[in-house]
Amino acid sequence: MDLPHVAALECTLCGATYDPAQVVYTCEEHDGVRGILEVTYDYDEVLERFDAELDGDIRSQWKYRAFLPVTPDAEVVTLAEGGTPLLDAPRLGAELGVDAWIKDDARNPSGVLKDRASSVSVTKAREAGREVVTCASTGNAAASLASYAARAGLACRLFVPGDAPEGKLAQPLVYGADVLAVEGTYDEAYDLSMEVTDRFGWYNRNAAVNPFQVEGKRTVGHELAEQCRVQGVGGDGSASGTGGDVPDWVAVAMGDGCTVAGAWKGFHEFAELDFVDDVPRFLGVQAEGASAIHDAFHGHQNADAVAEAVAEEAAATVADSIAVGRPRNTVKACRALEESGGTSVVVSDEEILAAESLLGRTEGVYAEPAGAAPVAGVQAAREAGIVDRGDSVVVIVTGHGLKDTESALAAGGEVDPIAADIGEVIDRYGGGHGTDRDP
Ligand SMILES: *Cc1c(COP(=O)(O)O)cnc(C)c1O
Ligand SMILES: [Zn+2]
């Protein structure tokens, strides 16, 4: 496997480097999965292969193929993921007191941002000649991986916590995966999947330990940088591409922390390459019942200490996609918040459900709870004086509302049963205005 543009896999704890051509998950110098690896690039090589114009025309994330860790002649496994719209959100903005924008990543093929990573992962699994892919997941990564495995003709065996929402289990079943519901939490399902990976040699997509996972998620940062520039977010509104158009904030939910780390890495890369002339601050949002990254960031605790401290505490939040008690990417996530000059906040389940409904009724965007959590986060950050009135804020909606109908009903209220009788409608809305009809 020849990756001329990838410099190395570098341990985030000790700096040891590994050959990117090997299937290595974590640094051998540390116990378990603590030594998360970072992919580093040779940007001269990358730029040699990247000639795409930053014109806002993004049909899929593979516009940025030169930045992705696949061989130059790899046959990509794709369902046209990425290329999601950046929507202006004036009604939401008016409610939040900010200049709001929505990066709608719920529009990805399986309904989540994770499709960006799955596409890269399954491409790499096939490159490596693996026939079985696996992961542990709170639901979305499982469905996402299963869809790309089906696309590639690979077998897929998934470990999910027994209490994952039904809709999220139905989806991978339809994609033909084996879905193993583990009696226990996500964290327990995760440990089992790691054991299985060691024993059977299946290709593990697990976001935190697979160094290539974050790399796919970078493209949301690349796209945002390109779209913010072309659409004039945070700048003077001109589409002249003269730069300076970078939002004040990007808000994103954090579970394991790979999404925030990937989005930051992508945006930051484009700033380093002078494609845009600044970077936004990142606002990481967690749920009260699953706040380990937030706690680590604000306590300035050592990531290992946090991992120990919360290991016994099961995560509990309505936002199941970020119900992670022991995040595996705390180091990368905290680094993203720190380097961007950003911070994190926590929000309650009540606030998350209210945000789901706010997002739906103000802008017509249907998010699952984790996808709406950043909206609640912006609200909390406004109240705390972190985000100022009028700041430009991009909210990344990471997952689709159709995935979790139960939460949506809790957020949206009740249906109203009525008799099939005009009188009932008149009772509710008054007498009406005559007999005009559409022709
Ligand atoms: C996985 C997921 C997240 C969190 O991503 P991490 O990389 O685990 O931090 C947020 N929202 C949705 C919808 C997800 O599926
Ligand atoms: Zn190390």
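The values are calculated or read from the model by the stated rules, or taken from the named source; none is laboratory data. Owing to the predicted nature of the structure, the values given are computational and were not obtained by experimental measurement. Virtual Cβ from ideal backbone geometry, glycine too; neighbours counted across all protein chains shown.
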Self-check item: Among (1) closer than 21 Å to SER60 by Cα; (2) within 22 Å of the chain's Cα centre (by Cα), the one test that ALA152 misses
Solution: (2)
Quiz item: closer than 23 Å to VAL220 by Cβ, in contact with a Gly (Cβ under 9 Å, 6 or more places away or on another chain) and away from ligand 1 (no atom under 16 Å from the Cβ), is that true of LEU3?
Solution: no
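Residue by residue, here is whether (1) within 16 Å of ligand 2 (Cβ to nearest atom); (2) in contact with a strand residue (DSSP E or B) (Cβ under 8 Å, 6 or more places away or on another chain) holds:
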| residue | (1), (2) |
| --- | --- |
| GLU28 | yes, no |
| LEU37 | yes, yes |
| VAL46 | no, no |
| PHE50 | no, no |
| GLY56 | no, no |
| PHE67 | no, yes |
Practice problem: Scan region 243-267 for residues that are touching a strand residue (DSSP E or B) at 6+ places or on another chain (Cβ under 8 Å) and surrounded by fewer than 24 Cβ atoms within 10 Å (Cβ to Cβ) and jot them down. | Solution: ASP248
Exercise. Please specify each residue of region 361-378 satisfying the condition of being more than 9 Å from ligand 1 (Cβ to nearest atom) and free of Cβ contacts under 8 Å to residues at least 60 places away in the same chain.
Key: ARG361, GLY364, ALA372
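Given the options ASP57, ASP115, name the one that is out of contact with any Pro (no Cβ under 6 Å at 6 or more places or on another chain) and of a type in the set (D, E, K, R).
When all the criteria are applied, what remains is ASP57.
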Self-check item: Residues that are out of contact with any Phe, Trp or Tyr (no Cβ under 8 Å at 6 or more places or on another chain) and modelled with pLDDT under 90, drawn from region 39-70
Solution: ASP51, GLU53
Exercise. Check region 48-71 and report whether any residue there is within 16 Å of ligand 1 (Cβ to nearest atom) and not polar (S, T, N, Q).
Key: no
Quiz item: From the list GLU81, GLU29, which residue is within 16 Å of ligand 1 (Cβ to nearest atom) and not in a helix (DSSP H, G or I)?
Solution: GLU81
Self-check item: Subset of region 120-162 that is surrounded by fewer than 24 Cβ atoms within 10 Å (Cβ to Cβ) and in contact with an Asp or Glu (Cβ under 8 Å, 6 or more places away or on another chain) - its residue that is farthest from TYR203 (Cα to Cα)
Solution: GLY162
Self-check item: From LYS124, LYS168, residue being more than 15 Å from ligand 1 (Cβ to nearest atom) and basic (Lys, Arg)
Solution: LYS124
Quiz item: So which helices (runs of 4 or more DSSP H) stay within region 314-393 end to end and still have 2 or more residues that are under 15 Å from the mean Cα position of the chain (by Cα) and buried (at least 24 other Cβ atoms within 10 Å of the Cβ)?
Solution: 330-339, 369-383
Quiz item: Could you say whether any residue in region 4-16 is of a type in the set (Val, Ile, Thr), within 16 Å of ligand 2 (Cβ to nearest atom) and out of contact with any helix residue (DSSP H, G or I) (no Cβ under 7 Å at 6 or more places or on another chain)?
Solution: no
Self-check item: strands (runs of 3 or more DSSP E) completely within region 105-217 that count 1 or more residues being among the basic types (Lys, Arg) and without any contact (Cβ under 8 Å) to a residue 60 or more places away in the chain
Solution: 155-161
Quiz item: Condition test on ARG65, is it surrounded by fewer than 21 Cβ atoms within 10 Å (Cβ to Cβ) and farther than 25 Å from ARG328 by Cα?
Solution: yes
